[in-house]
Amino acid sequence: MPNQKTLKRLEEAVDKLERELEKPLKKESKRKSVFRRAYDWLTGSKDSEDYTISKKREEYLKMLLVKDEPSAFNYCNLGSFYLETGRLKEAEANLNKARELDPNNNSIHYKIGECLRRQNRPDEAKISYQRAKELGNEYAESRLVDIFVEEVLEKSKQEPDLDKKIELLTNAADKFKKDIKSDPENSSYYHGLTKTLGALSRIDHSVKLELRLWNEISSHVYAQEILKPIPNMDKYEKLVQEIKARRKAKEK
């Protein structure tokens, strides 16, 4: 049985959306804000695996396309829903429509890459990730590294000659070392290097010490990444304090 509280919340979300759509929206930024809130309302369910709730989410997201003119934003939201629920062909179709309407949106290209990768189409996925990276997506580089490592490891498994296997993995490790030298703060390169050295150490034990060293360096880089300050944190903290102050005032 579906969670009745969640169903009720989704129904309330649709009522809110209907009311928002009745208002005149002159500015495009205002329109995007409305649909962003609507999408948040409709996808905030923790019961996404429940069939009834999942079906209602799908209906409501499709309604956005009917109530407003077809847009990249709406197609991307529906495509993202299908991607989250594993309906990859439908996800790909809607994300491709979104890309046609907004070809310079890095998030859409990234999601298409995710969809293609999950369909075991790495060559096509690389094209989408590369385009996402060119357009400024911060996660695309990591995915490109993952695919490269997967391909190298698969080739090394298929290679019967031990010397050629070692050469293949060594060349991949050297590539990541060069990448690290050119961009020492990019944590995805350290991940790729340690994965490659890990595979190499299983057939060449002399690499184990080097692997340990790079694991330590990698952990340090990840820690630095986590400790980076969040943009606009001061504004956020002030907003939190204002909300807390208002709540205390109401309690009095």
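The values are calculated or read from the model by the stated rules, or taken from the named source; none is laboratory data. Treat the numbers as computed from the prediction; the structure is a model and nothing was measured. Heads up, the Cβs are rebuilt from the backbone with ideal geometry, glycines too, and the neighbour counts pull from every protein chain shown.
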Tally up the residues in the range 149-174 that are in a helix (DSSP H, G or I) and surrounded by 14 or more Cβ atoms within 10 Å (Cβ to Cβ), please. 13
Being surrounded by fewer than 21 Cβ atoms within 10 Å (Cβ to Cβ) and without any contact (Cβ under 8 Å) to a residue 12 or more places away in the chain: is that true of GLU59 here? yes
Condition check for TYR110: aromatic (Phe, Trp, Tyr) and at pLDDT 95 or above: yes
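For every residue, the table says whether it meets (1) of a type in the set (Asp, Glu); (2) surrounded by 11 or more Cβ atoms within 10 Å (Cβ to Cβ); (3) at pLDDT 95 or above.
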| residue | (1), (2), (3) |
| --- | --- |
| ILE147 | no, yes, yes |
| PHE176 | no, yes, yes |
| SER218 | no, yes, no |
| ILE226 | no, no, no |
| ARG247 | no, no, no |
Scanning for something in a loop (DSSP other than H, G, I, E, B) and either at pLDDT 90 or above or among the acidic types (Asp, Glu) (or both), does the range 71-78 turn up at least one residue? no
Give the residue, chosen from LEU144, LEU83, that is touching a Phe, Trp or Tyr at 6+ places or on another chain (Cβ under 8 Å) and assigned to a helix (DSSP H, G or I). LEU144
Subset of the range 86-134, residues farther than 13 Å from ILE147 by Cβ, of a type in the set (S, T, N, Q) and part of a helix (DSSP H, G or I), comes to ASN94, ASN96, ASN106, SER107
Name the residues in the range 78-102 that are touching a Ser or Thr at 6+ places or on another chain (Cβ under 9 Å), within 15 Å of LYS55 (Cα to Cα) and surrounded by fewer than 23 Cβ atoms within 10 Å (Cβ to Cβ), would you? SER80, GLU84, THR85
